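First comes the structure, then the notes that go with it.
Bear in mind that the values in this text are calculations on the coordinates, not laboratory data. It should be emphasised that the depicted structure is a prediction, and the values quoted were computed from it without experimental measurement.
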């Protein structure tokens, strides 16, 4: 299923537990934005900047954020959320939108 975002967010793809999209930002800027947003929304339990992975707990769900470079000035941001093995797409969307909004400020 594909859902078009609004404004600076562009389009993003949604699956049962994952939201992902592309942004024209550097990986380091996306990393900083993700850490800032997730630190406010929940608790980071693991982060590996070299691998581009952040694992956190937000609203009782395990959230995995993956940032991968497409090229020098574009990244792909993926946010996956599950609670008790069940998909929590609303949490994934909320985290994704807040990271992208923070990144594009």
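Across region 15-103, counting alpha-carbon atoms alone, Rg and Dmax equal 11.8, 37 Å.
Sequence-distant contacts, meaning Cα pairs under 8 Å at least 6 residues apart, place the relative contact order of the chain at 30 percent.
In the chain, helical runs assigned H by DSSP with n ≥ 4 each contribute -39500 (n - 2.57); averaged across all residues and rounded to the nearest 500, the mean residue ellipticity at 222 nm is -9500 deg cm²/dmol.
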